[in-house]
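For reference, the structure is listed below as structure tokens.
Just so you know, all these numbers are worked out from the coordinates, no wet-lab data involved. Predicted model only: the values in this text are computed from it and were never measured. Every residue, glycine as well, gets a Cβ built from its backbone with ideal geometry; the counts of neighbours run over all protein chains shown.
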Amino acid sequence: VQLQASGGGLVQAGGSLRLSCAASGRTFSNYAMGWFRQAPGKEREFVAVVNSRGGSIYSDDSMKGRFAISRDNAKNMVYLQMTSLKPEDTAVYYCAADHRGFGSRFWANYNYWGQGTLVTVSS
């Protein structure tokens, strides 16, 4: 599976962005698809995951209220809609695929990674 993330950019606090991740491969629907982020000088952080059945898990309630993960298996795409962005959301965002399908918060469980897309939120 090859992953290509896009949609990052510069946005003011309170704004919105939609990240997209295009996946190759015929078995995309079997994978859990996650989004992680890494800010400068910080460890990689789990954001959200959507499992093979469409169920989702978010990092915390704050993120759940502002971000929405979704997938379109017909298009081999996964999305992260981000609203009410804050400066602390600034990071490189990565999409990742977990062949086990049920989803995980732990980056080490993911088999494939995209190249990352930079999100910068200005105050």
Exercise. Taking 7 Å along the Cα-to-C-beta vector as the label spot, tell me the Asn73-Lys86 distance in nanometres, rounded to one decimal.
Key: 3.5
Self-check item: Reachable lysines from Lys42, criterion Cα separation under 25 angstrom, eight or more residues apart if same chain
Solution: Lys64, Lys86
Self-check item: At most 15 other Cβ within 10 Å, DSSP loop - chymotrypsin sites (Phe, Trp or Tyr not before Pro), region 1-106
Solution: Phe102, Phe106
Practice problem: In whole Hz, with x marking every Gly and Pro, tabulate ³J(HN,Hα) for region 99-108 from phi via Karplus 6.51 cos²θ - 1.76 cosθ + 1.60, θ = phi - 60°. | Solution: 5, 6, x, 8, x, 8, 7, 9, 4, 5
Self-check item: Selected from Asn51, Ser122, Asn73, residue furthest toward positive end of dipole (region 45-123; charges at beta carbon)
Solution: Asn73
Quiz item: Tally Lys and Arg at +1 and Asp and Glu at -1 over the other residues with C-beta under 10 Å from the C-beta of Leu80: what net charge comes out?
Solution: +2
Quiz prompt | Cut-off under 5 Å, modelled amide H: who pairs with Arg100 long-range | solution = Ala32
Exercise. First measure r as the distance between the Cβ atoms of Lys42 and Ala13, then evaluate 1/(1 + (r/R0)^6) with R0 = 22 Å and state the FRET efficiency to the nearest 0.05.
Key: 0.70
Quiz prompt | Net charge of Cβ neighbours under 13 Å - reference Ala23; Lys, Arg +1; Asp, Glu -1 | solution = +1
